[in-house]
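Engineer: What follows is a structure written as structure tokens; I'll ask about it next.
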């Protein structure tokens, strides 16, 4: 059983890293605009699919990935510009519908552009597994974990240390005051969507060599990312990262140790229990109801 | 005979900081009782404790002999305490009359089944409530606006609407949090007159208000809080001449309204 | 005034309608509902392309019994609820003469009561054995059943002396149904299922399940599923360094699977129709000519052929042949003729229908294939 | 009387449709689906539109109704009506059990929790294959009989489905125009305000959640008998989303809007089939477009327009009519 446990843990952290990146994207957009962006998963798909296409055209690997991420960022910004901004005063439910509409739209567009086939990217540095006792992990898993950790650190110091990062935080805390202080709120929003899309794209490129990609690959990852963001406490970027890893490990351990058929149910039951007993998520700040 | 409203060593802390500390006071029936104090004195916290939105960290609240601690806001409403808010908590998705009708909620018994089946008793109850709500709107001078959408009302009328709505619960005690905030001079006068008339009809009023002219004009008794603690209590005249109170107000330094 | 306009309009409509019905007599209305998009699009997509390609070809060459075929198609997205309404639409609105289609077992099972009630011949392209067992008067199907696949796999295991099998299956309809057959049939072949794991539709990694299977010490691993799942399973097995023989089902019978799985696919065995190995068949094989023709025609237009498109080919031509023999589109006559199909050489095998067998394929319709050097090869 | 004018129009539409278009596919077949969807949407609207509590998991209750009916009639041989009642009871129990903890959550947390609940219920339909038939579904569910009269044709189902739908609309209208309805809307307007008015918000949220679950379960039971076959795909996350879209598309807090939204969203894919592969793209574009440009929803926005036009007509033709 120890072997199964270790292997499940490794798998869980790998998959969880991808959830974490998607969840981080959720948190950034939520922080900037109070919108839960259900199209976040589509960024993952677009990043991966663009990379596949560009690679097929004959671009060198790194260049292809670079351009794929650029495309994803552009689409993220377009989403803000053409769908979120015009609906400025929309309620929670309306924005949920808008972003779900956007995700369906992007999926439809991907279907037309890329067709229905599964695609894969080559692993970044070969497929020779690394042995850890009786368990193994692929070099790609290391890439996933490593790049995720790097992204998380970069995002963290971005918000802590750069002027732009602080400006975005100010916009989320109080957009009115921020705009009075001369912060271009609109541009900051655009930037946030671009950043989220970028993280989604990175997740897509990282995970594609492991899990393949297709026009409808974004949906499930989007849901898991949302769950990660909620589990960690919405609006808490580092919480979302932790939530993603926790979710991945839960699923994987559920599959390895309890029942693979019910692993998603197990993950969601635990998520519900967390919400019931800690309604602000694991790492969320308890909001005080001021009247 | 039990006192109308009294608190005993009432304390509320947030993360170790006491917003209200060992507060004991009593309020008599049929009076306008004002709670004043510098910003951060704990006035709104006190209201939230009395109306059941917060649960005290320790201490007791008794209303007409009944312990209020642990009751939820709607239960406290059923006992006969209602309140208005600093920023009006109007149901902006409803008309003026409908807002008031919600105030009548506690007088009704119609449940889901009777309502859905449109039973005769539900119909007659609705009619009765409508009359009651209209009366209260008239009392606050809003009856001509009954069918307006509430989100179309100017601020002064929203304040009165919230009062009319609170009256529809037929409270014995009405907690009013800054009823004059945001009102101009003539509106403030009207509001003061309204509160006085209200008190004459037998509703006791507890008031938190920054407009001292209004407070002094209509209050029977005042309670002064400072940093969540009891500072002084007495008639408007006594309080105005109380050196401790003057010091608290002047010494607090930041009297900017918030 | 108003009345007159209305009357004119109405009479115009009646006229139009009668024209439409008169014309309807001259063309054969073929209805189909396929999962062209959604999770089973890799089934529905080649099926529809095959149907469209051959309907056009038949029409170009003069039609069936001199009548053109008109294809009515709706995309179910593999959703049974949609399938029910679309089949009602085919029956009531489009008034089709017969129906082929239903890429997935779910959509097929959902519409069976409708076609039975409408007394309309229906040839399904879905895998589950439940569709034709027990036999339903109006329902036929073309693909090999999951039961046959399980049997074929077990026979091969028996030959290799494998007794303990670890199973992993997809949680979709195909995987679940296959899993049921495997569990039910294993004892007959003296095989013990020592592990029974599953994975979800969009899962990205199955190493947790596989290491659990490994811990159960099987002699082979069997995977029932389609889509990206089996490819991930195959890769993960390679990654975990598991060297046990791996069996896949006919659900992965397309080149895409080999491409996606990479090196780990070497040595994987699966039962599949001859279509995949058309070039490698001996010339004596009766199917060879038919399959090669289909393969060439399909690949000229749409890229690599899969056995799923073949199910569409078989359904269409079973129907066409039956209409030819019946000399009309009379429903009862067509149904009887489909049931009388003998020695029909299709993409999936040689069909011999009977009132007791509405599939008409034997186990020999399956070839046991092994992946060698990135290509299919026939296991003798 | 004025209050029910709209209802009479709806009844007239429902009754006249099959008379004007006898045997029309869009009336007798799609109409039944519309009626079921409308019934669920009207119930969900009580929760979402009026009370302001989002649910991304209502397909689960639809499924609980359907599977209760399906399983009890096929496996246990129960009478279909008894099974239907059992389905309602099951939905009631489940709703009652989860409502209290779930409805303590707000906004996106509530969305996530209901979504998770829906997914869990769906997994419970997929996994125990030996009971539920798994993803292949449950077949041979008998149809309903009413006073010895089998409901076995499209037009009969049209009658039953639309009849139940109209009953649901009538109940919802009554509820909304009552003391309870006011309290529900008050919760939406300001929870703390509603509490101070003596509304037990926790209890009333649970009640309305249960009511909306019962609407969905009733539709589910009827759906199972009408289709004769059910499978988990019909009760997935996607359907939950569709239901929310129906409510929002029509216009939140409008019962007719919910019916309208259900009709539009059911008819849309039927009419979009001609666009084939563009269908998905167009559906997404329509959802975004309506929410961006008509945030009140189609029905509410349109009916406001119509009212404005009528009002301006009146004011030009008969100025004295304004009081």
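The values are calculated or read from the model by the stated rules, or taken from the named source; none is laboratory data. The model shown is predicted, which means the values in this text are computed figures rather than measured ones. Using ideal geometry, Cβ is built from the backbone for each residue, glycine included, and neighbour counts are taken over all protein chains shown.
Engineer: Using the structure shown, decide if residue B:114 is under 27 Å from residue B:215 (Cα atoms) and surrounded by fewer than 24 Cβ atoms within 10 Å (Cβ to Cβ).
Structural biologist: In short, no.
Engineer: Looking only at residues in segment C:88-103 that are modelled with pLDDT of 90 or more and within 10 Å of chain D (Cβ to nearest Cβ), which one is surrounded by the most Cβ atoms within 10 Å (Cβ to Cβ)?
Structural biologist: Residue satisfying both the conditions and the ranking: C:90.
Engineer: OK, next. Quick one: in segment B:211-226, which of the residues that are touching a residue at least 60 places away in the same chain (Cβ under 8 Å) and surrounded by fewer than 17 Cβ atoms within 10 Å (Cβ to Cβ) is farthest from residue B:178 (Cα to Cα)? Working first, answer last.
Structural biologist: Step one: of segment B:211-226, the residues touching a residue at least 60 places away in the same chain (Cβ under 8 Å) are B:212, B:215, B:218-226.
Keeping just the survivors that are surrounded by fewer than 17 Cβ atoms within 10 Å (Cβ to Cβ) gives B:212, B:220.
On the way: B:212: 11, B:220: 17 Å.
The qualifying residue farthest from residue B:178 (Cα to Cα) is B:220.
Engineer: Identify all residues within segment C:58-84 that are free of Cβ contacts under 8 Å to residues at least 60 places away in the same chain and part of a loop (DSSP other than H, G, I, E, B); write none if there are none.
Structural biologist: C:61, C:62, C:63, C:66, C:76, C:77, C:78, C:79
Engineer: Mind listing whichever residues of segment D:100-109 are modelled with pLDDT of 90 or more, surrounded by fewer than 22 Cβ atoms within 10 Å (Cβ to Cβ) and either in contact with a strand residue (DSSP E or B) (Cβ under 6 Å, 6 or more places away or on another chain) or more than 7 Å from chain A (Cβ to nearest Cβ) (or both)?
Structural biologist: Matches in segment D:100-109: D:100 only.
Engineer: Could you tell me which numbered condition residue A:105 fails, if it satisfies all but one of (1) in a helix (DSSP H, G or I); (2) more than 13 Å from chain D (Cβ to nearest Cβ); (3) surrounded by 16 or more Cβ atoms within 10 Å (Cβ to Cβ)?
Structural biologist: The failed condition is (2).
Engineer: Sticking with this one: Would it be correct to say that residue D:144 is at pLDDT below 95, under 16 Å from residue D:229 (Cβ atoms) and either surrounded by fewer than 18 Cβ atoms within 10 Å (Cβ to Cβ) or within 22 Å of the chain's Cα centre (by Cα) (or both)? Walk me through it before giving the result.
Structural biologist: Working: at pLDDT below 95: yes; under 16 Å from residue D:229 (Cβ atoms): yes; either surrounded by fewer than 18 Cβ atoms within 10 Å (Cβ to Cβ) or within 22 Å of the chain's Cα centre (by Cα) (or both): yes.
Yes, satisfied.
Engineer: Any idea which of A:255, A:242, A:265, A:227 is at the interface with chain C (Cβ under 9 Å from one of its Cβ atoms) and touching a helix residue (DSSP H, G or I) at 6+ places or on another chain (Cβ under 7 Å)?
Structural biologist: Values: A:242 fails: at the interface with chain C (Cβ under 9 Å from one of its Cβ atoms); A:265 fails: at the interface with chain C (Cβ under 9 Å from one of its Cβ atoms); A:227 fails: at the interface with chain C (Cβ under 9 Å from one of its Cβ atoms).
After applying the criteria, what remains is A:255.
Engineer: Follow-up question, since we're still on this one. Can you tell me which condition residue B:158 does not meet? The list is (1) assigned by TED's automatic domain parsing to the domain that holds residue B:35; (2) touching a residue at least 40 places away in the same chain (Cβ under 8 Å); (3) out of contact with any strand residue (DSSP E or B) (no Cβ under 7 Å at 6 or more places or on another chain), and all the others hold.
Structural biologist: Among (1) assigned by TED's automatic domain parsing to the domain that holds residue B:35; (2) touching a residue at least 40 places away in the same chain (Cβ under 8 Å); (3) out of contact with any strand residue (DSSP E or B) (no Cβ under 7 Å at 6 or more places or on another chain), residue B:158 violates only (1).
Engineer: Considering segment C:329-340 alone, what residues qualify as being surrounded by 16 or more Cβ atoms within 10 Å (Cβ to Cβ) and either in contact with a strand residue (DSSP E or B) (Cβ under 9 Å, 6 or more places away or on another chain) or in contact (Cβ under 8 Å) with a residue 60 or more places away in the chain (or both)?
Structural biologist: C:329, C:331, C:334, C:335, C:338, C:339
Engineer: How many residues does segment D:199-232 hold that are facing another protein chain (nearest Cβ under 9 Å), surrounded by 24 or more Cβ atoms within 10 Å (Cβ to Cβ) and either within 11 Å of the chain's Cα centre (by Cα) or over 29 Å from residue C:201 (Cβ atoms) (or both)?
Structural biologist: Of the residues in that region, 2 qualify.
Engineer: Looking at C:80, C:113, can you tell me which residue is closer than 20 Å to residue D:30 by Cβ and crowded, with 24+ Cβ neighbours inside 10 Å? First the steps, then the outcome.
Structural biologist: Details: C:113 fails: crowded, with 24+ Cβ neighbours inside 10 Å.
Answer to the selection: C:80.
Engineer: If you take just the helices (runs of 4 or more DSSP H) that sit entirely in segment C:266-367, which of them hold at least 1 residues that are closer than 30 Å to residue C:159 by Cα?
Structural biologist: Output list reads C:288-302, C:307-326.
Engineer: Moving on. On the given criteria, is residue C:153 over 27 Å from residue C:326 (Cβ atoms), within 14 Å of another protein chain (Cβ to nearest Cβ) and modelled with pLDDT of 95 or more? Working first, answer last.
Structural biologist: Values: over 27 Å from residue C:326 (Cβ atoms): yes; within 14 Å of another protein chain (Cβ to nearest Cβ): no; modelled with pLDDT of 95 or more: yes.
Judged against the criteria, residue C:153 is not a match.
Engineer: Limited to segment D:75-85, what total is found for residues that are without any contact (Cβ under 8 Å) to a residue 24 or more places away in the chain and under 21 Å from the mean Cα position of the chain (by Cα)? Spell out the reasoning first.
Structural biologist: Here is the first cut: in segment D:75-85, the ones without any contact (Cβ under 8 Å) to a residue 24 or more places away in the chain are D:76-79, D:82, D:85.
From what is left, the residues that are under 21 Å from the mean Cα position of the chain (by Cα) are D:85.
Looking only at that region, the number is 1.
Engineer: Given the structure, is residue A:209 modelled with pLDDT of 90 or more and either more than 9 Å from chain C (Cβ to nearest Cβ) or farther than 25 Å from residue A:6 by Cα (or both)? Can you show your working first?
Structural biologist: Details: modelled with pLDDT of 90 or more: yes; either more than 9 Å from chain C (Cβ to nearest Cβ) or farther than 25 Å from residue A:6 by Cα (or both): yes.
It is true that residue A:209 is modelled with pLDDT of 90 or more and either more than 9 Å from chain C (Cβ to nearest Cβ) or farther than 25 Å from residue A:6 by Cα (or both).
Engineer: Could you say whether any residue in segment D:86-95 is within 14 Å of chain A (Cβ to nearest Cβ) and touching a residue at least 12 places away in the same chain (Cβ under 8 Å)? Lay out the reasoning, then the answer.
Structural biologist: Of all residues in segment D:86-95, those within 14 Å of chain A (Cβ to nearest Cβ) come to D:94.
Applying the additional criterion that residues be touching a residue at least 12 places away in the same chain (Cβ under 8 Å) yields D:94.
Yes - at least one qualifying residue is present in segment D:86-95.
Engineer: Go through segment B:112-140 and give me each residue that's outside any helix (DSSP H, G or I), within 14 Å of residue D:178 (Cβ to Cβ) and more than 7 Å from chain D (Cβ to nearest Cβ).
Structural biologist: Within segment B:112-140, the first condition is being outside any helix (DSSP H, G or I), and the residues that meet it are B:118-119, B:140.
Okay, now just the ones that are also within 14 Å of residue D:178 (Cβ to Cβ), so B:118-119.
The answer is B:119, and nothing else.
Engineer: Among the residues of segment B:13-30, is any outside the structural domain of residue B:149 (by TED's automatic domain parsing), in a strand (DSSP E or B) and either within 21 Å of residue D:201 (Cβ to Cβ) or touching a helix residue (DSSP H, G or I) at 6+ places or on another chain (Cβ under 6 Å) (or both)?
Structural biologist: Of all residues in segment B:13-30, those outside the structural domain of residue B:149 (by TED's automatic domain parsing) come to B:13-30.
Okay, now just the ones that are also in a strand (DSSP E or B), so B:13-14, B:17-27.
If we keep only those that are either within 21 Å of residue D:201 (Cβ to Cβ) or touching a helix residue (DSSP H, G or I) at 6+ places or on another chain (Cβ under 6 Å) (or both) as well, we get B:19-20.
Checking segment B:13-30: at least one residue is outside the structural domain of residue B:149 (by TED's automatic domain parsing), in a strand (DSSP E or B) and either within 21 Å of residue D:201 (Cβ to Cβ) or touching a helix residue (DSSP H, G or I) at 6+ places or on another chain (Cβ under 6 Å) (or both).
Engineer: Then there's this: For residue C:83, all conditions in the list (1) within 14 Å of another protein chain (Cβ to nearest Cβ); (2) modelled with pLDDT under 90 hold save one; what is the number of the exception?
Structural biologist: (2) is the only condition that residue C:83 fails.
Engineer: Here are D:239, D:235: which of them is under 14 Å from the mean Cα position of the chain (by Cα), closer than 23 Å to residue D:84 by Cβ, at pLDDT below 95 and surrounded by fewer than 24 Cβ atoms within 10 Å (Cβ to Cβ)? Walk me through how you get there before you give the answer.
Structural biologist: Working: D:235 fails: surrounded by fewer than 24 Cβ atoms within 10 Å (Cβ to Cβ).
That would be D:239, the only listed residue that is under 14 Å from the mean Cα position of the chain (by Cα), closer than 23 Å to residue D:84 by Cβ, at pLDDT below 95 and surrounded by fewer than 24 Cβ atoms within 10 Å (Cβ to Cβ).
Engineer: Contact list please: Cβ distance under 7 Å, first residue in segment D:12-38 and touching a residue at least 24 places away in the same chain (Cβ under 8 Å) and more than 14 Å from chain C (Cβ to nearest Cβ), second residue in a helix (DSSP H, G or I) and surrounded by 13 or more Cβ atoms within 10 Å (Cβ to Cβ), pairs at least six apart or on different chains.
Structural biologist: Taking only residues 6 or more apart or on different chains, the pairs are D:14/D:162; D:14/D:166; D:38/D:165; D:38/D:258; D:38/D:259; D:38/D:262; D:38/D:263.
Engineer: Taking the criterion of being without any contact (Cβ under 8 Å) to a residue 24 or more places away in the chain, touching a helix residue (DSSP H, G or I) at 6+ places or on another chain (Cβ under 8 Å), part of a helix (DSSP H, G or I) and at the interface with chain D (Cβ under 8 Å from one of its Cβ atoms), would at least one residue in segment B:52-66 satisfy it?
Structural biologist: Looking through segment B:52-66, none of the residues is without any contact (Cβ under 8 Å) to a residue 24 or more places away in the chain, touching a helix residue (DSSP H, G or I) at 6+ places or on another chain (Cβ under 8 Å), part of a helix (DSSP H, G or I) and at the interface with chain D (Cβ under 8 Å from one of its Cβ atoms).
Engineer: Right, here's the next one. Considering C:96, C:55, C:87, which residue is in contact (Cβ under 8 Å) with a residue 40 or more places away in the chain and either farther than 20 Å from residue C:121 by Cα or not in a helix (DSSP H, G or I) (or both)? Even if it seems obvious, please write down each step before you answer.
Structural biologist: Values: C:55 fails: either farther than 20 Å from residue C:121 by Cα or not in a helix (DSSP H, G or I) (or both); C:87 fails: either farther than 20 Å from residue C:121 by Cα or not in a helix (DSSP H, G or I) (or both).
Only one candidate qualifies: C:96.
Engineer: Another question, if that's okay. Looking at (1) buried (at least 20 other Cβ atoms within 10 Å of the Cβ); (2) assigned to a helix (DSSP H, G or I); (3) at pLDDT 85 or above, which is the one condition that is false for residue D:264?
Structural biologist: Here residue D:264 clears every test but (1).
Engineer: In segment C:174-203, how many residues are surrounded by 24 or more Cβ atoms within 10 Å (Cβ to Cβ) and within 14 Å of chain A (Cβ to nearest Cβ)?
Structural biologist: 7
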